[in-house]
Structure formats: structure tokens, C-alpha cells
Amino acid sequence: MTAQPDLWILPDAIYDGTRLRPGAALGVAGDRSLTLADNPPPGAPVRRMAGTLTPGFLDLQVNGGGDALLNNDQSPEALHRMAAAHRRFGTVGILPTVITDAPEVLARAVEATLAAFAEPRPDRSLLGLHIEGPHLSLPRRGTHAAEWIRPFEPATLAHVRRLREAGIFVKITVAPETTSPQDVSRLAATGAVVSIGHSDATAADVRALLEAGATCFTHLFNAMSPMLNRSPGVTGACINSTAYAGIICDGIHVADEMVGLALRARPLPGRMFLVSDAMCTVGGSDHFRLYGRDIWLKDGRLVNAEGSLAGAHVTMAEGLRRLITAVGAAPDTALDMAVSAPARLLGRPELASPERRAAADLLILDANWQVTGTLAHHLATQPA
């Protein structure tokens with residue numbers, strides 16, 4: 001028997017995965033949502049709720065959280081701690097990221113991911129694995145350790161194949177300087193999303209990887225050759241392409257004006273997605289070690305001993321609010337970047353829908369676009 005709603009939630013608006021729908025109602029039964037309607041059925045029990053209801057955020061670049069950093073702890077337990085830390089701030093799905101390191105670190109991260117997905121009740125907050133490096137460019141390595149930057153190697157392809165054969169989503173960031181079009185074709189043939197980043201290459205070099213099967217760019221503007229009048233670089237090639245592109249919106253990694261420029265300049269809508277690039281300080285302490293060196297959180301910045309930004313200390317919730325209030329993005333566009341575009345890249349359209357979801361995966365945003373809680377919390381605490 002098909003479940004029927006026992007209550008209709010009527011917020012100010014509902015984001016349905018495509019647009020905001022003022023006046024729409026969501027039918028729920030117990031702790032799950034069922035169906036979306038323009039209006040509650042006549043005579044049905046209705047609970048009005050202030051704010052906007054939206055599916056939770058999806059973050060496709062998460063290095064750590066809750067004092068767990070994947071490069072320091074390659075275990076299923078670390079993955080769960082990271083996911084739990086970000087869920088506290090409205091991010092219901094993360095793509096854990098392992099950055100450039102010794103070969104055994106990547107191998108253990110792959111094993112941990114395989115083990116986490118093989119658990120009897122897999123953590124639905126874990127979306128797969130992002131392998132960022134080690135096949136990057138030295139001049140644009142950022143905080144990635146120079147000693148571990150290396151040309152593409154068969155072991156990486158073998159790792160990606162193992163994950164994909166287990167049905168696990170993989171995004172891998174590479175640079176044209178160390179990864180050939182043939183390498184990209186082999187990676188793309190596994191079903192992995194090949195992303196271009198940490199590169200000082202020319203636009204022509206970038207186009208060669210796009211033609212070979214790359215479909216994404218990693219943190220637009222950061223760690224890539226800039227766009228100049230006679231040299232588009234990786235940045236210009238990205239903006240002019242129809243590929244997906246992640247971007248950090250914390251007011252530190254990219255100026256708000258540049259975020260807005262990129263949004264307006266892309267040839268196809270819906271190809272930009274918000275990422276946090278968060279380190280373990282989100283939901284954790286203000287200090288950690290990476291590559292055996294201290295990283296401190298100061299004035300909202302994470303900086304290593306070389307003075308380079310070492311990831312970010314920001315949540316998707318903060319990025320979404322900044323997109324709307326500082327960059328000037330339309331709320332529908334910002335929600336697409338935080339929810340629907342990541343879901344499309346993942347090939348998981350159901351994650352952008354408010355229907356047939358756990359109430360804990362649906363967020364309530366106030367008039368200032370801040371997360372005030374989940375639908376599950378509202379149902380549990382508000383009187384009928």
C-alpha cells in the first residue's frame with residue numbers, strides 16, 4: 001500500500017530542485033516527506049512554517065571536518081566524523097577529498113572508502129571520493145606538498161577502477177602538465193568525473209583534456225593560470241567551457257565580484273556548483289597539522305608556513321548566504337549551486353528533490369538565508 005501524507009507542511013516557499021515555489025505544500029508521513037503540491041488538499045491537516053524549505057546541501061570538495069582530516073586519517077571512522085560535522089551545518093552529503101600525498105595515503109583512502117560503502121548500513125552522507133592530485137602542476141600546487149607531485153601513473157587508474165567497479169562515485173582532479181589526454185580518456189571510460197585544476201597550463205592544453213573527456217574544473221580561479229587579454233589560461237578556458245566548475249564563496253578565496261562575473265559569463269546555466277574546500281576546523285578546533293606542519297585558523301583564513309591558503313574554513317550554508325547577500329545571485333541560482341548542480345554532476349537527481357526524503361535531509365532557511373534547522377527537528381519540537 002502506498003503511504004499517504006498525514007500532515008502537510010506549508011512554509012513560505014519550497015525549493016523543488018529547479019525553482020522556489022511560494023505557497024507550495026509538502027506532504028509528510030512520520031519522518032519522511034512524500035509529495036509536493038501547489039496547495040494542500042482540502043480538509044487535510046496543515047502546519048504553517050516560516051521560512052524556505054529546501055533539500056540539504058551537497059558539498060563535492062571536503063578535506064575534513066570535526067577534527068578529522070582524510071590525509072591524516074584514512075579510515076571509515078574519519079569519513080563518518082567528517083560527514084557528521086558538516087551535517088550539523090546543513091550539508092547532508094559530502095564528497096571526501098584526499099589531496100596530494102604519498103602513494104600509500106591514497107591507497108588507504110581508497111580502502112577506507114570501499115569499506116565505508118560496504119558497511120551494512122552505509123552512511124548516506126558519503127557520496128564517494130574526490131582524488132585531488134597528485135598529478136598536478138608544481139607552480140600551481142597551492143598547499144599540496146611539492147615532494148609528492150608526480151606524473152600520472154597506472155596505480156591511480158587502478159584505484160579509480162576499483163572504486164567505480166564497486167559503484168562508488170569518483171571525481172579526480174588532474175593538470176595537463178602531468179596528465180595526458182590519453183590518461184583522461186582512460187579515467188573517463190571508468191565513469192569517473194575528470195576535473196581540471198591546480199594547473200598553469202594554456203587554454204589550448206585545457207581544451208585537449210576537455211576533448212578527451214574531462215567534464216569539470218576544480219575551485220575556479222584558485223590554483224589555476226589567470227585569464228589575461230591575450231592568454232585565457234585555465235581560468236578563461238573554464239569560464240568559456242560548458243563543463244561544470246566548483247567555486248569557493250567565502251570572500252577570501254575568490255572576490256565576490258569575480259564570483260558574480262563568472263556566473264554571468266558562463267555559456268550554459270546550471271554548470272557552477274558551490275564547494276567549501278573545508279578542512280577539519282569546520283566543527284572542530286582552530287589548529288591542525290598537514291604534512292607534519294602546523295596550520296592555524298586566523299581571521300577566517302587557514303594558512304600554512306609558506307603563507308599559502310591551506311583549504312577553507314567555511315560551510316556550504318555560509319557560502320550559500322554569501323552568494324545571495326554579497327554576490328547578488330538570485331536565490332534560485334544559489335540553491336541550484338548548493339543542491340541541484342552537485343546532484344546533476346553526481347548523477348543523483350533524487351538528492352535535489354524534497355520529495356521522498358528523510359525529514360533530517362530537508363533544511364529550513366530563514367528570511368536572511370540562514371539555516372535554522374531541519375524539517376525533522378521542526379516536526380519533533382513544534383506543537384501539532
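A simple count of charges around Thr35, restricted to other residues whose Cβ falls under 15 Å of its Cβ and scoring Lys, Arg +1 and Asp, Glu -1, yields -1.
Per residue, the chain exposes 40 Å² of accessible surface when a 1.4 Å probe is rolled over the protein heavy atoms with every protein chain present. Candidate membrane-span-like segments in the chain, meaning DSSP H helices with Cα atoms spread over at least 15 Å of their own axis and a Kyte-Doolittle mean of -0.5 or above, are 103-117, with no membrane implied.
Mean residue ellipticity, 222 nm, helices only, the chain: the sum of -39500 (n - 2.57) across DSSP H runs of n ≥ 4, divided by residue count and rounded to 500, is -7500 deg cm²/dmol. Within the shell of other residues whose beta carbon sits under 14 angstrom from the beta carbon of Arg141, the net charge comes to -4, with Lys and Arg scored +1 and Asp and Glu -1. Our note on the geometry: Cα centres of the range 105-137 and the range 315-354, 23 Å apart. Multiplying the residue separation of Ala189 and Ala50 by 0.36 nm and subtracting their alpha-carbon distance yields 45.4 nm.
Taking amide H as placed 1.01 Å from N in the peptide plane, the amide H of Val314 sits under 5 Å from that of Met279, each at least 5 places away or on another chain. Counting heavy atoms of the protein chains alone, Arg164 has an accessible area of about 70 Å² for a 1.4 Å probe. In the complete set of protein chains, residue-level accessible area for Trp148 is approximately 80 Å², probe 1.4 angstrom. All other residues whose Cβ lies under 10 angstrom from that of Ser241 are scored, Lys and Arg at +1 and Asp and Glu at -1, for a net of +3. Across the range 336-343, computed HN-Hα scalar couplings (Karplus, 6.51 cos²θ - 1.76 cosθ + 1.60, θ = phi - 60°) run 4, 5, 8, 10, 7, 4, x, 5 Hz from first to last residue, x flagging Gly and Pro.
The alpha carbon centroids of the range 49-90 and the range 151-183 are separated by 24 Å. Calculate what fraction, in whole %, of the accessible area of the chain sits on carbon and sulfur atoms when a 1.4 Å probe is rolled over the protein chains. Of all accessible area on the chain, carbon and sulfur atoms account for 52 percent. Placing a label point 7 Å from the Cα of Ala158 along the Cα-to-Cβ direction, the residues of the range 173-195 whose backbone N falls under 17 Å of that point are 187.
The values are calculated or read from the model by the stated rules, or taken from the named source; none is laboratory data. Only a predicted model underlies this, so the values are computations on that prediction, with no experimental measurement involved. Every residue, glycine among them, receives a Cβ derived from its backbone with ideal geometry; neighbour counts consider all protein chains shown. Just so you know, the surface numbers come from the protein's heavy atoms only, side chains and all, with ligands and any DNA or RNA stripped out. Shrake-Rupley method; radii C 1.70, N 1.55, O 1.52, S 1.80 Å.
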